[in-house]
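Enquirer: The structure under discussion is supplied below as structure tokens; questions concerning it will follow.
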Amino acid sequence: MTGHMAKIARKDKNVNNHYQGGEVVTLRRLMRKKGAGASAANALQNRLQGASLRIARALSKRRAGMHEMGIDFGVDAGRRIRVIEVNSNHPQFHPLKTPDRAMYDRMLSYARSYGRKTAR
């Protein structure tokens, strides 16, 4: 598990896509913005990490060569985690360069270790 990020849609949009004006922030920053304390942020991060690892293990058993995955989650009003999609073919992580340079550098290092050249 390399890291977590959150995408926030613009007020006038229904999508949170970075290229359509969505903001990319760290999960911790989003939680602070929503008024959650450190324990709530840690609990959500642990739940997301557990779900991510279960998904990654299950998919890796079915298909060889899955070096990285970008797993998109939503959290509903009841705080239930919902899987939106799993990107396994070079998920993009370059939007992380600004909000968390250390996470970006770590992801790029891992990607380069198996031959990927860019974060796009």
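The values are calculated or read from the model by the stated rules, or taken from the named source; none is laboratory data. What you see is a predicted model, and the numbers here were worked out from it, not measured in a lab. Glycine gets a Cβ as well: all are built from the backbone with ideal geometry, and neighbour counts include every protein chain shown. What goes into the accessible areas is simple: the full protein's heavy atoms, side chains included, and nothing from ligands, DNA or RNA. Shrake-Rupley method; radii C 1.70, N 1.55, O 1.52, S 1.80 Å.
Enquirer: Scan region 108-116 and tell me whether some residue there is open to solvent by 60 Å² or more (accessible area, probe 1.4 Å), in contact (Cβ under 8 Å) with a residue 24 or more places away in the chain and more than 22 Å from L30 (Cβ to Cβ). Walk me through how you get there before you give the answer.
Expert: Start the filter on region 108-116 by keeping residues that are open to solvent by 60 Å² or more (accessible area, probe 1.4 Å), which leaves 109-110, 112-114.
After this cut, where a residue has to be in contact (Cβ under 8 Å) with a residue 24 or more places away in the chain as well, the list is 110, 114.
Next, from what is left, pick out any that are more than 22 Å from L30 (Cβ to Cβ): 110, 114.
The answer is yes; a qualifying residue exists.
Enquirer: Which one is farthest from the chain's Cα centre (by Cα) among residues in region 1-22 that are farther than 20 Å from Y104 by Cα and open to solvent by 90 Å² or more (accessible area, probe 1.4 Å)?
Expert: My answer is D12.
Enquirer: Ok, one more. Kindly indicate whether V25 is surrounded by fewer than 14 Cβ atoms within 10 Å (Cβ to Cβ) and in contact with a strand residue (DSSP E or B) (Cβ under 7 Å, 6 or more places away or on another chain). So that I can check it myself, show each step before the final result.
Expert: On the way: surrounded by fewer than 14 Cβ atoms within 10 Å (Cβ to Cβ): no; in contact with a strand residue (DSSP E or B) (Cβ under 7 Å, 6 or more places away or on another chain): yes.
Against the criterion (surrounded by fewer than 14 Cβ atoms within 10 Å (Cβ to Cβ) and in contact with a strand residue (DSSP E or B) (Cβ under 7 Å, 6 or more places away or on another chain)), V25 does not qualify.
Enquirer: Report, by residue number, each residue of region 29-66 that is open to solvent by 90 Å² or more (accessible area, probe 1.4 Å) and modelled with pLDDT under 90. Outline the logic, then answer.
Expert: Residues of region 29-66 that are open to solvent by 90 Å² or more (accessible area, probe 1.4 Å), as a first pass: 29, 32-34, 39, 46-47, 54, 57, 61-64.
Listed by number, the residues that qualify are R29, R32, K33, K34, R63, A64.
Enquirer: Let me ask something else about it. Could you run through region 56-78 and say how many residues are assigned to a loop (DSSP other than H, G, I, E, B) and touching a Lys or Arg at 6+ places or on another chain (Cβ under 9 Å)?
Expert: Taking region 56-78 and keeping what is assigned to a loop (DSSP other than H, G, I, E, B), we get 63-69, 76-78.
Right, trim to touching a Lys or Arg at 6+ places or on another chain (Cβ under 9 Å) and you get 67-68, 76.
Number satisfying all stated conditions: 3.
Enquirer: In region 4-21, is there at least one residue being of a type in the set (S, T, Y) and either in contact (Cβ under 8 Å) with a residue 40 or more places away in the chain or closer than 15 Å to R79 by Cα (or both)? Working first, answer last.
Expert: The initial filter retains those residues of region 4-21 that are of a type in the set (S, T, Y), namely 19.
Now narrow it down to the ones that are either in contact (Cβ under 8 Å) with a residue 40 or more places away in the chain or closer than 15 Å to R79 by Cα (or both): none.
No, because not a single residue in region 4-21 is of a type in the set (S, T, Y) and either in contact (Cβ under 8 Å) with a residue 40 or more places away in the chain or closer than 15 Å to R79 by Cα (or both).
Enquirer: Next up: For region 67-106, which residues satisfy the criterion of being free of Cβ contacts under 8 Å to residues at least 24 places away in the same chain, surrounded by 12 or more Cβ atoms within 10 Å (Cβ to Cβ) and of a type outside the set (A, V, I, L, M, F, W, C)?
Expert: Listed by number, the residues that qualify are G70, D72, N87, P91, K97, Y104, D105.
Enquirer: Then there's this: Just to verify a result, which residue in region 74-103, among those that are in contact with a helix residue (DSSP H, G or I) (Cβ under 6 Å, 6 or more places away or on another chain) and modelled with pLDDT of 80 or more, is nearest to V24 (Cα to Cα)?
Expert: Filtering region 74-103 for residues in contact with a helix residue (DSSP H, G or I) (Cβ under 6 Å, 6 or more places away or on another chain) gives 81, 93, 95-97, 103.
Of the ones still in play, those that are also modelled with pLDDT of 80 or more are 81, 103.
Numbers: I81: 19, M103: 13 Å.
Among those that are in contact with a helix residue (DSSP H, G or I) (Cβ under 6 Å, 6 or more places away or on another chain) and modelled with pLDDT of 80 or more, it is M103.
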